[in-house]
Amino acid sequence: MDDLFGPLLVGCAVALASAIGVVLARRPIYAAIFLLVHSLSLAALFGILSATMVAVGQVIIYSGAIVVLFLFVVTLLPSGGRELGPTGSRVAAGFIAGGGLVVALAAALAASSLPPTTSGDLGIAAVGRSLFSTVLVAFELTAPLLLVAIIGAVVIWRRHEPAPRTAPVQKVAEARRVVMHR
């Protein structure tokens with residue numbers, strides 16, 4: 001276990017730094033790139049811990065599909081979301097929310113001990129059976145949910161979009177006559 005401490009420490013440091021980058025990025029494109037780095041670092045951590053099924057799922061689902069979906073939504077935004085940079089109040093609210101989550105986690109861990117681990121069947125066939133039998137409807141309903149979220153985000157953004165600037169209309173004193181010569 002001691003030989004895994006160094007790679008785990010590096011992976012955790014990269015995951016933590018990229019998560020902070022997601023929150024503090026000034027542009028949504030940069031936040032999505034930090035999210036990709038974070039997702040890949042989590043996949044590497046799962047790989048180090050010999051959870052290859054979870055690592056592959058992390059790369060395919062989160063790094064591949066979800067980050068591409070976020071990038072697609074960001075490109076639909078008219079100004080690329082440049083107005084959403086973190087201000088002082090947003091950063092303060094983020095630190096307060098993060099501190100609240102840490103306090104809640106510490107209180108939950110102090111109140112009870114961790115449940116015992118079970119060594120059930122974690123093979124690909126067992127995961128496939130449980131995913132595509134008991135939770136198939138919930139799994140399939142995520143696609144329309146994400147589509148509605150994309151449409152809602154674009155509609156809300158378009159409402160707040162500034163009106164396009166056009167050149168002022170100049171009034172002509174008298175109408176011009178078109179003369180056609182033969």
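Key figures for this structure:
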| quantity | calculated |
| --- | --- |
| Residue identified as modelled with pLDDT of 80 or more and either in contact with an Asp or Glu (Cβ under 9 Å, 6 or more places away or on another chain) or surrounded by 10 or more Cβ atoms within 10 Å (Cβ to Cβ) (or both) among 94, 99, 81, 85 | 99 |
| Boolean, residue 56 is at pLDDT below 90, over 11 Å from the mean Cα position of the chain (by Cα) and surrounded by fewer than 17 Cβ atoms within 10 Å (Cβ to Cβ) | yes |
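Conditions tested, residue by residue: (1) part of a helix (DSSP H, G or I); (2) among the charged types (D, E, K, R); (3) at pLDDT below 90.
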| residue | (1), (2), (3) |
| --- | --- |
| 5 | yes, no, yes |
| 10 | yes, no, no |
| 14 | yes, no, no |
| 19 | yes, no, no |
| 23 | yes, no, yes |
| 26 | no, yes, yes |
| 36 | yes, no, no |
| 40 | yes, no, no |
| 45 | yes, no, no |
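The values are calculated or read from the model by the stated rules, or taken from the named source; none is laboratory data. Note that the coordinates shown come from a computational prediction; the quantities given were computed from them, not determined experimentally. So basically every Cβ, Gly included, is an ideal-geometry build from the backbone, and we count neighbours across all protein chains shown.
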